[in-house]
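Accompanying notes for the structure given below.
The values are calculated or read from the model by the stated rules, or taken from the named source; none is laboratory data. Please read these numbers as outputs of a predicted model, since none were measured by experiment. A quick note on method: Cβ atoms are made from the backbone with ideal geometry, for glycine too, and the neighbour counts reach across all protein chains shown.
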Amino acid sequence: MKYRLLPETGQRVSEVGFGVWTLSTGWWGEYTEEQALEFLHRALDLGINFFDTADVYGNGYGEELLGKAFGGTNKEVVVATKVGYDFSGHSRGRGQRELPQDFSEGFVRKAVDNSLRRLRREAIDNLQLHNIRMEHVEDDHLWALLEALHREGKIRSYGIALGPAIGWLYEGIEALRRRRPHVIQHIYNLLEPFPGRPLMDEAPDQNPRFLVRVPHSSGLLEGKYTAATTFPKGDHRSHRPAHWLPNGLKKVEQLRFLEEPRRTLGQAALQWILCDPRILSCLPNIYTVEQLEEFAAAPEAPPLSQEELVRIKELIARNFGIEEPQEAYKGTMTWAASA
């Protein structure tokens, strides 16, 4: 494993992190608490020390898992969580419904205190505002609150998580220009480079600050889906647009040149992202031990060559020669409304 510095904290975070939503939301299968804790400990054994969750994941369950797995005694583990959704009165298995948001000072302070309790920590290493809108970017009181929580020692750094169905390109750009958050989390991968790339191009420097989720385009870039692949009704991939799977398979076939005996396509997809120094960590969707071991080994797999990078750039520039519906370019992926 290789590591990069989390801004403001001096902490080293693994280039491949672990998004706890796969273990705590039920959108990727059901896990017993024992199974989930085994996953987390195995990830740490493999060098993954960065774990990203949200208070809304399983209505606090994701944070509780991390608290039970690592608590406040393991200084090696770096934890990020998110606040902003009011899940009180809502069941844990809420499916794809987006919950009401609340970024008032009272609500955020209470949410932070609750997260600290569930995580069993004295401070949150990175706190993200979950799927903010433009009104939140423009709210001076909200950003002053983050600074206050930072000074009080409750959070070590802060940032934003951007959701595509809510709007994210202009929100992210405006946040970078006006607020300079320590971290920004967004979707970005070989098949979905827009609007992640223009967003990152607005960064004031080359320092690592971007957390990339869905780096495998919800599994497509692992190279194992076929035209016959189906997903259960409760699986969030079933909410992808109809063109996502057939068009994605055509693109994946054009990327098979990245596979070699010591490097899988899934590892190459992570390496392509990590070639950019502005990336802090990747958060692949991990729901099997085999994936965990494969992705954790990605930073040490044979690196992409300059020739491979040029070929990838050419494929992306022409969208792999595939014409897609106009909405594919608008970030209207409603399946991820509160992911």
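Of 277, 302, which residue is loosely packed, with under 14 Cβ neighbours inside 10 Å and touching a Lys or Arg at 6+ places or on another chain (Cβ under 7 Å)?
None of the others qualify; the one that does is 302.
Out of the residues in segment 241-265 that are among the aliphatic types (A, V, I, L, M) and not in a loop (DSSP other than H, G, I, E, B), which is surrounded by the most Cβ atoms within 10 Å (Cβ to Cβ)?
Restricting to residues being among the aliphatic types (A, V, I, L, M) and not in a loop (DSSP other than H, G, I, E, B), the top hit is 258.
Restricted to segment 93-106, and to residues that are closer than 22 Å to residue 237 by Cα and loosely packed, with under 14 Cβ neighbours inside 10 Å, which residue is modelled with the lowest pLDDT?
The extreme case among them is 95.
Look at residue 75 and say whether it is within 29 Å of residue 206 (Cβ to Cβ), of a type in the set (Lys, Arg) and either at pLDDT below 95 or assigned to a helix (DSSP H, G or I) (or both).
Working: within 29 Å of residue 206 (Cβ to Cβ): yes; of a type in the set (Lys, Arg): yes; either at pLDDT below 95 or assigned to a helix (DSSP H, G or I) (or both): yes.
Yes, satisfied.
For segment 266-288, indicate whether the set of residues that are at pLDDT below 95 and either over 30 Å from residue 182 (Cβ atoms) or part of a helix (DSSP H, G or I) (or both) is non-empty.
yes
How many residues does segment 5-30 contain that are over 16 Å from the mean Cα position of the chain (by Cα), over 25 Å from residue 109 (Cα atoms) and touching a residue at least 24 places away in the same chain (Cβ under 8 Å)?
4
Working only within segment 150-171, note down all residues that are modelled with pLDDT of 95 or more, buried (at least 18 other Cβ atoms within 10 Å of the Cβ) and either outside any strand (DSSP E or B) or not aromatic (Phe, Trp, Tyr) (or both).
Correct list: 154, 155, 156, 157, 159, 160, 161, 162, 171.
Going through segment 303-318 one residue at a time, which ones are part of a loop (DSSP other than H, G, I, E, B) and of a type in the set (Gly, Ala, Ser)?
The answer is 305, and nothing else.
Please enumerate the residues belonging to segment 102-127 that are under 22 Å from the mean Cα position of the chain (by Cα) and either in contact (Cβ under 8 Å) with a residue 60 or more places away in the chain or more than 23 Å from residue 70 (Cα to Cα) (or both).
102, 103, 108, 115, 118, 125, 126
Here's a check for you: in segment 1-23, which residue that is assigned to a loop (DSSP other than H, G, I, E, B) and not aliphatic (A, V, I, L, M) is surrounded by the fewest Cβ atoms within 10 Å (Cβ to Cβ)?
Here the residue is 10.
Quick check on segment 137-144. Is at least one of its residues at pLDDT 95 or above and among the β-branched types (Val, Ile, Thr)?
Taking every residue of segment 137-144 in turn, at least one turns out to be at pLDDT 95 or above and among the β-branched types (Val, Ile, Thr).
Hey, can you tell me all the residues within segment 291-318 that are among the polar types (S, T, N, Q) and farther than 18 Å from residue 216 by Cβ?
305, 306
Under the condition of being among the polar types (S, T, N, Q) and in contact with a strand residue (DSSP E or B) (Cβ under 7 Å, 6 or more places away or on another chain), which residue from segment 280-291 is surrounded by the most Cβ atoms within 10 Å (Cβ to Cβ)?
From segment 280-291, those among the polar types (S, T, N, Q) are 281, 285, 288, 291; that's our starting set.
Among the residues that remain, those that are also in contact with a strand residue (DSSP E or B) (Cβ under 7 Å, 6 or more places away or on another chain) are: 281, 285.
Values: 281: 29, 285: 23.
The residue in question is 281.
What residue, of 161, 175, 227, is touching a strand residue (DSSP E or B) at 6+ places or on another chain (Cβ under 8 Å) and either closer than 28 Å to residue 265 by Cα or among the charged types (D, E, K, R) (or both)?
161
Mind checking which pairs have a first residue in segment 132-152 that is closer than 15 Å to residue 171 by Cα and a second that is β-branched (Val, Ile, Thr) and crowded, with 16+ Cβ neighbours inside 10 Å, Cβ under 6 Å, 6 or more apart or different chains?
That search, which allows pairs on different chains as well, returns 132/160.
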